[in-house]
Amino acid sequence: MRRGEMVASNQSLARKRVFIQNRPEIPTPERNIEYVPIPGSDRPLTVWDGSYLPVDIELEMVLVASSREKIINEYRSVRQLLDSSVHAPCQFYFDPDYIYFARFSNINRKGKYDYNQALPFSMTMNALPIKRLASGMLDVPIANGTVMFNPELHESLPRILFKGSGNITILVNGMEYIFKGLVDGNYGIDSEIQEVYQIVDGVNIGINTKYYTHSYPSLRIGENTISWTGNASNVLVMPRWGAVL
């Protein structure tokens, strides 16, 4: 990626001549901590569930319009593209190996634009606290007993897809994730959204009654062994390697 470039809504904003002016400061996400009062004590119990809080990042942008006459319409088009209520994948020139999940708000023009085609504007990016290695967001075919190495310092929540029928047990580092009574088809177990499903004509259909484990796989730091028993094949793993911002 070239300097100033960012990718949002599955397209490079450089194609719309929109660039980041300066590398932003990225605050360290805070731990999601709950303080539980202890009767008779002035020191509460500190409970951390292992998660972090989203952060706000201020971005200074510039739109280089195709002409002075079109500058406002082009700005409105870019603002409509970026303004969103959901966290969507984004990539940035200053950290190109990672995918961020962010939504943008407070998109406002700055300065004058009467005598040139450059319109500066600012916006607030609310980013989820975990960024993902782009290479870890791909489905990787594996053999039974494959060892996958987590290169980050954060446990990941993978998605595992497979084809099969009958009783199937997926094992991740010796932990069993058990399916029973599956009809022949394509299936998935997604730890991030904590769902198990059958894939029918591209649609995910929940199969909670076929899943006999009350937890979901995670991939620890370092080596992870993935294997299975039963009639399973075409196993794909999206590892979702991630790091705290």
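Checking the structure you have, find out if any residue of region 226-238 is in the same structural domain as Leu171 (by TED's automatic domain parsing), surrounded by fewer than 15 Cβ atoms within 10 Å (Cβ to Cβ) and within 19 Å of the chain's Cα centre (by Cα). Scanning region 226-238, I find no residue that is in the same structural domain as Leu171 (by TED's automatic domain parsing), surrounded by fewer than 15 Cβ atoms within 10 Å (Cβ to Cβ) and within 19 Å of the chain's Cα centre (by Cα), so the answer is no. Looking only at residues of region 170-190 that are under 20 Å from Gly145 (Cβ atoms) and crowded, with 20+ Cβ neighbours inside 10 Å, we find that the one that is farthest from the chain's Cα centre (by Cα) is Phe179. Every listed requirement among (1) exposed (fewer than 12 other Cβ atoms within 10 Å of the Cβ); (2) in a loop (DSSP other than H, G, I, E, B); (3) under 22 Å from the mean Cα position of the chain (by Cα) is met by Ile26 save one, (1).
Is it true that some residue in region 82-100 is more than 23 Å from the chain's Cα centre (by Cα), assigned by TED's automatic domain parsing to the domain that holds Gln11, of a type in the set (S, T, N, Q) and part of a loop (DSSP other than H, G, I, E, B)? Please lay out each step first, then the result.
First pass over region 82-100, keeping only residues more than 23 Å from the chain's Cα centre (by Cα): none.
Taking every residue of region 82-100 in turn, none turns out to be more than 23 Å from the chain's Cα centre (by Cα), assigned by TED's automatic domain parsing to the domain that holds Gln11, of a type in the set (S, T, N, Q) and part of a loop (DSSP other than H, G, I, E, B).
Is one or more of the residues making up region 155-169 out of contact with any strand residue (DSSP E or B) (no Cβ under 6 Å at 6 or more places or on another chain), in a loop (DSSP other than H, G, I, E, B) and surrounded by fewer than 13 Cβ atoms within 10 Å (Cβ to Cβ)?
no
Restricting attention to region 137-153 and to residues that are under 15 Å from Ile99 (Cα atoms) and part of a loop (DSSP other than H, G, I, E, B), the residue that is nearest to the chain's Cα centre (by Cα) turns out to be Leu138. One residue stands out among those in region 35-60 that are out of contact with any Asp or Glu (no Cβ under 6 Å at 6 or more places or on another chain), in a loop (DSSP other than H, G, I, E, B) and not β-branched (Val, Ile, Thr): the one that is nearest to Val244 (Cα to Cα), which is Pro54. When region 89-121 is filtered for residues that are of a type in the set (Gly, Ala, Ser) and at pLDDT below 95, the ones remaining, listed by number, are Ser105, Gly111, Ala118.
The values are calculated or read from the model by the stated rules, or taken from the named source; none is laboratory data. Quantities reported herein were computed from a predicted structural model and do not represent experimental measurements. Virtual Cβ from ideal backbone geometry, glycine too; neighbours counted across all protein chains shown.
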